[in-house]
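Accompanying notes for the structure given below.
Please treat every number below as a calculation from the coordinates, not as lab data. No experiment lies behind these values; they were computed from the predicted model shown. Don't worry about glycine lacking a Cβ; one is built from the backbone with ideal geometry, like all the others, and counts go over all protein chains shown.
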Amino acid sequence: MKIALLGYGRMGRTIEKIAEQRGHTVILRIDVENRSRVAAGELQEAEVAIDFSVPAVAVNNYNWCFDNGVPVVSGTTGWLEHWEEVVACCREKGGGFFYASNFSLGVNLFFRLNRELARMMQRFPDYRAEMEEIHHIHKLDAPSGTAITLAEGILSEHSGYDTWQLSEAGGKIEDRILPVKAVREGEVPGTHIVSYRSLVDEIRISHEAFSREGFAYGALLAAEFMQGKTGLYGMEDLLGTA
């Protein structure tokens with residue numbers, strides 16, 4: 001499989017290493033230094049594009065791929081206010097788009113566990129839900145896309161919350177708002193914690209990534225899945241966990 005990497009930072013390099021181990025070829029590496037010099041014909045040589053860029057350029061990257069008939073797999077977060085625009089462009093151009101806030105198998109199992117726990121806990125209003133995510137200092141968006149997915153999972157199953165809110169130290173959170181704390185420190189690949197606290201005890205579930213390789217492997221599985229496909233897909237389609 002011929003791959004175009006849109007974004008060639010830490011994740012892009014990890015994806016390239018695992019792609020080569022799986023017998024694929026990275027034919028194009030696009031980053032801020034060379035984006036303006038890459039011709040459409042070069043992109044069209046790719047069978048799939050994998051985007052781990054930054055929110056400011058992600059939507060333009062997707063539209064560029066749709067224009068050139070290249071299915072795109074995206075793990076970039078922080079751009080979801082443009083979701084409807086991207087979906088409309090994908091459908092209009094007959095493109096293929098696979099998005100996940102997190103490509104880790106363990107995280108996607110954690111998403112399901114989170115929803116099930118929220119469904120159980122809505123019966124016990126004495127427990128107050130909270131979330132915390134911890135990432136490396138290079139991560140630009142806060143909270144993480146994974147944290148947003150977890151928060152939305154709680155909102156979908158727990159009738160005690162109307163929305164989530166990024167919490168600040170010492171800030172007041174209203175009763176029906178789910179607080180989400182974002183911490184940036186060191187080189188942490190990603191830790192997410194969901195807790196339910198009462199006056200007498202606390203229930204906590206968490207997922208901790210040890211490296212970026214789990215995310216890269218999942219992104220490559222998605223890229224293999226997307227060869228020759230059009231339409232919109234996500235991890236539930238890949239894993240068969242709908």
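Results, tabulated for the structure shown:
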quantity	calculated
MRE, 222 nm, helices only [DSSP H, n ≥ 4, -39500 (n - 2.57), over the chain, to nearest 500]	-11500 deg cm²/dmol
Residue-by-residue Karplus 3J(HN,Hα) for segment 159-165, coefficients 6.51, -1.76, 1.60, Hz, glycine and proline x	6, x, 10, 9, 7, 10, 8
Nearby lysines by direct alpha-carbon distance to residue 2 (threshold 26 angstrom, same-chain neighbours under 8 apart not counted)	17, 93, 229
Where labels lie 7 Å past Cα in the beta-carbon direction, separation of residue 211 and residue 159 in nm	4.7 nm
Net length gained if the chain between residue 225 and residue 10 were fully extended (0.36 nm per residue, minus Cα distance)	75.1 nm
Spin-label zone in segment 1-45 - amide nitrogen under 16 Å from a point set 7 Å from the Cα of residue 67 along the C-beta vector	35-45
Tail beyond 23 Å, pair distance distribution of segment 77-234 (Cα, percent)	44 percent
Shape of segment 1-158, Cα gyration tensor, a/c cut at 1.5	prolate
Cα-centred dipole magnitude for the chain, charges only on beta-carbon of K, R (+1) and D, E (-1), debye, nearest 20	300 debye
Amide H contacts under 5 Å for residue 165, placed H, 5+ residues apart	178, 180
Translational D in µm²/s for segment 68-127 (Stokes-Einstein at 10 °C, 1.306 mPa s, Kirkwood Rh from C-alpha pairs)	111 µm²/s
Neighbour cut-off at most 13 other Cβ (10 Å), DSSP loop, GluC sites (Glu not before Pro), segment 1-75	33, 45
Pairwise centroid distance, computed over Cα atoms, of segment 55-114 with segment 1-16, Å	16 Å
Rg/Rh (Cα only; Kirkwood hydrodynamic radius) as it applies to segment 141-242	1.03
